[in-house]
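Structure record follows, encoded as structure tokens.
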Amino acid sequence: MNEELHDGSLYLPNGDAILAEQTKCLDKLYDFNNTRPTEGAKRDAMLQNMLAECGEGCYIEPPFHSNWGGAHVHLGAHVYANFNFTAVDDTHIYIGAHTMLGPNVTLATAGHPILPELREQEYQYNMPIHIGENCWLGAGVIVLPGVTIGNNVVIGAGSVVTKDLPDNIVAVGTPAHVIREVNDHDRAYYFKDRQIDWSKVNVPEHK
């Protein structure tokens, strides 16, 4: 159903069948965003029903914004998304386990042609986004259609990711670029000159 959403081709997103299906998904999203903070179990059940996949221990802080109500969003276990996570999920978004998204992160799979004659007719195309495991996307990060981000990647706040990023790196900027690899310094310091006291944290020092 709606294969044109997922095969990368140009299509018109305003067909009756597409809009009817999308509206059902958005009704579920509306209900999720109107839950109370005390209704954690209810939120968990709703996410399981709304999303394409939702691993255990996932948490999305309302308000959550999504073109398809999360119907094309795939979450591994223990994914966390802060306020105003926006998933332009006209096609699939994959987020690996233990990845964290800061407030106001946008993952946008949808694009429109540069040629004005096509855009005037409201043509659209969609390309999937893949984000690896154990990543951290800072506040306000934007990821564009078709981008793949590796495992253990940190992306600085406000960055715009236009191209694929490899594993185990720190990237910042607009467009985002690699500034360094995750290294031994990161095993000693967690913020500027603040050292990690390995006797007080619950992970192996050389994981």
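Brief remarks on what is shown
- When the chymotrypsin sites (Phe, Trp or Tyr not before Pro) in the range 54-85 are filtered for DSSP coil states and for at most 16 other beta-carbon atoms within 10 Å of their beta-carbon, the remaining sites are 83.
- Residue separation of residue 151 and residue 33 scaled by 0.36 nm, minus their Cα-Cα distance, works out to 39.5 nm of gained length.
- 222 nm mean residue ellipticity, helices alone, for the chain (DSSP H n ≥ 4; -39,500 (n - 2.57); rounded to 500): -5500 deg cm²/dmol
- Modelled FRET efficiency - R0 30 Å, residue 17 with residue 42, Cβ distances, 0.05 increments: 0.50
- Most mobile listed residue (23, 91, 99) in the chain, GNM with C-alpha springs under 10 Å: 23
- With a simple spin-label model that places each label point 7 Å from the Cα along the Cα-to-Cβ direction, the separation between residue 163 and residue 112 comes to 2.7 nm.
- The GluC sites (Glu not before Pro) found in the range 55-159 that occupy coil by DSSP, while having at most 15 further C-beta atoms within 10 Å, are 56, 122.
- Heavy-atom accessible surface of the chain, averaged per residue, reaches 56 Å², computed with a 1.4 Å probe.
- Proximity of backbone amide H atoms, modeled 1.01 Å from N, is registered between residue 165 and 148, 149, 150 at under 5 Å, excluding neighbours fewer than 5 places apart on the same chain.
- If R0 equals 41 Å, the separation of the Cβ atoms of residue 186 and residue 52 corresponds to a calculated FRET efficiency of about 0.80.
- The phi-based Karplus calculation (6.51 cos²θ - 1.76 cosθ + 1.60; θ = phi - 60°) puts the 3J(HN,Hα) values of the range 64-74 at 10, 10, 7, 4, 10, x, x, 5, 10, 9, 10 Hz, whole numbers, x for Gly and Pro.
- Residue-by-residue Karplus 3J(HN,Hα) for the range 86-98, coefficients 6.51, -1.76, 1.60, Hz, glycine and proline x: 10, 10, 7, 9, 5, 9, 6, 10, 10, 10, x, 4, 6
- Of interest is the spacing of the C-alpha centroids, which for the range 72-114 and the range 1-62 amounts to 12 Å.
- Segment residue 6..residue 174, full-extension length gain: 57.8 nm, with 0.36 nm per residue of separation and the alpha-carbon distance subtracted.
- Surface listing: 42, 24 arranged by accessible area from highest to lowest gives 24, 42, probe 1.4 Å.
The values are calculated or read from the model by the stated rules, or taken from the named source; none is laboratory data. Since the model is a prediction, treat every value here as computed from it, not as a measurement. Note that each Cβ is placed from the backbone with ideal geometry, even for glycine, and that neighbours are counted across all protein chains shown. Only protein heavy atoms, including side chains, enter the accessible area calculation; ligands, DNA and RNA are left aside. Shrake-Rupley method; radii C 1.70, N 1.55, O 1.52, S 1.80 Å.
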